[in-house]
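Down below is the structure, laid out as structure tokens.
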Amino acid sequence: MLNIAICDDTPEERELVCALARRYFEEKNCPVRFSVYDSMQAVLDSGIAYDLYFLDVLMPGKSGIQAPPTS
């Protein structure tokens, strides 16, 4: 199962990305689990390393571009 983080400060965008990703992975018959966040800091605070990140580039505070690489 893939663990996917979705992070966007706009609720509508979070819902859209989640719906599109869910549809894509369902079509590929790939089981996924989504965790949804409203800030990059919340993703970092979770302490979880995800398999895939969908990050908003322009957000207040720390943006998806400023996220540190995971190992």
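The values are calculated or read from the model by the stated rules, or taken from the named source; none is laboratory data. These numbers were taken from a predicted model, which means no experiment stands behind them. Counting neighbours? That spans all protein chains shown, and the Cβs are built from the backbone with ideal geometry, glycine included.
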Per the filter on segment 38-56, residues exposed (fewer than 15 other Cβ atoms within 10 Å of the Cβ), of a type in the set (G, A, S) and in a loop (DSSP other than H, G, I, E, B) are G47, A49
Per the filter on segment 11-36, residues in contact with a Leu (Cβ under 9 Å, 6 or more places away or on another chain) and surrounded by 13 or more Cβ atoms within 10 Å (Cβ to Cβ) are A21, F25, V32
Cβ pairs under 7 Å, 6+ apart or interchain, first in segment 46-71 and closer than 27 Å to C30 by Cβ, second at pLDDT below 70 and part of a helix (DSSP H, G or I), ordered by first then second residue, are L55/G64; D56/G64; V57/G64; V57/I65
Inside segment 1-14, the number of residues satisfying the requirement of being in a helix (DSSP H, G or I) and acidic (D, E) is 2
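One line per residue, one yes/no per condition, for (1) over 12 Å from the mean Cα position of the chain (by Cα); (2) part of a strand (DSSP E or B); (3) at pLDDT below 95:
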site: L16; (1), (2), (3): no, no, no
site: F25; (1), (2), (3): yes, no, no
site: V36; (1), (2), (3): no, yes, no
site: L58; (1), (2), (3): yes, no, yes
site: S71; (1), (2), (3): yes, no, yes
